[in-house]
Amino acid sequence: ANAVDAMEIPHESFTLIDGCCATCSLFFGLKTYPWKSVILNDLNPLRANFLNVIKTEPLKLIKRILESDLSFIEQPETKNPKLSAYKKAITNYAKKRANYNKVDCNIDIAYKMFIIHCIDKAMIEKADRIYQRILRFLAAHLKLQNAIITQQDCLSYLHNDDTNKLILLDVPYIGSEHTCAVTGYK
């Protein structure tokens, strides 16, 4: 965010492109500038779908979470089978959508991905913490309104066809360089 501020870019005439946006932490970390346009891209269909759901259908996702009985996360005997089923569903979805360029808006997959993110870790989040997290969906929804979400190879945005663009290419995080969030991508 500080680097973008220091560039003193005339935002109104520039397109911001986050080539490998993942969870959009870079985009959400920037001030809300009046960009000419914003393109948020990720080759991972799960991430692109989640962002599109937050952009277009956040209330449906929130409703789905609020209507869920999250008591299953309290005990391994109920958590683990559901977690396995959710992982299988999102893995199958990712395989099916891997070669699509059109971004989906699948609320069920966004829900399962979110729940996995909250409970598939050493410190499992309790239901109250999950409910607190969904409040952020509304702020993200507002910031995403002028964004175009794409599911392309980020290299397609690197052409020098337009000098009025700022391309963010976040380096892979330590330990994740080999996957780049897409199996087999180098």
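The values are calculated or read from the model by the stated rules, or taken from the named source; none is laboratory data. Note that this is a predicted model, so its numbers are computed, not measured. We place every Cβ from the backbone using ideal geometry, glycine too, and count neighbours over all the protein chains shown. Just so you know, the surface numbers come from the protein's heavy atoms only, side chains and all, with ligands and any DNA or RNA stripped out. Shrake-Rupley method; radii C 1.70, N 1.55, O 1.52, S 1.80 Å.
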request  = Among the residues of segment 127-144, write down those that are in contact (Cβ under 8 Å) with a residue 40 or more places away in the chain and out of contact with any helix residue (DSSP H, G or I) (no Cβ under 7 Å at 6 or more places or on another chain).
outcome  = TYR131
ask   = In segment 79-121, what residues are touching a helix residue (DSSP H, G or I) at 6+ places or on another chain (Cβ under 8 Å), among the charged types (D, E, K, R), outside any helix (DSSP H, G or I) and modelled with pLDDT under 95?
value = ASP120
message = Can you pull out every residue in segment 97-124 that is touching a residue at least 40 places away in the same chain (Cβ under 8 Å) and not hydrophobic (A, V, I, L, M, F, W, C)?
response = ARG97, TYR100, ASN101, LYS102, ASP104, ASN106, ASP108, TYR111
inquiry  = Just the residues that are over 14 Å from GLN151 (Cβ atoms), basic (Lys, Arg) and open to solvent by 50 Å² or more (accessible area, probe 1.4 Å), please, taken from segment 96-126.
reply    = LYS121, LYS126
query = Within the set of pairs 6 or more residues apart or between chains, which connect a residue that is open to solvent by less than 70 Å² (accessible area, probe 1.4 Å) inside segment 1-28 to a residue that is part of a helix (DSSP H, G or I) with Cβ atoms less than 6 Å apart?
reply = ALA1/GLY29; ILE17/TYR157; ASP18/LEU26; ASP18/PHE27; GLY19/CYS154; GLY19/TYR157; CYS20/CYS154; ALA22/ARG47
message = Pairs please, first residue from segment 35-61 and within 18 Å of LEU135 (Cβ to Cβ), second anywhere and of a type in the set (S, T, N, Q) and not in a strand (DSSP E or B), Cβ atoms under 8 Å, 6+ apart in sequence or on different chains.
response = VAL53/ASN106; LYS55/GLN145
query = Tally time: how many residues in segment 131-162 are open to solvent by less than 80 Å² (accessible area, probe 1.4 Å), of a type in the set (Val, Ile, Thr) and not in a helix (DSSP H, G or I)?
reply = 2
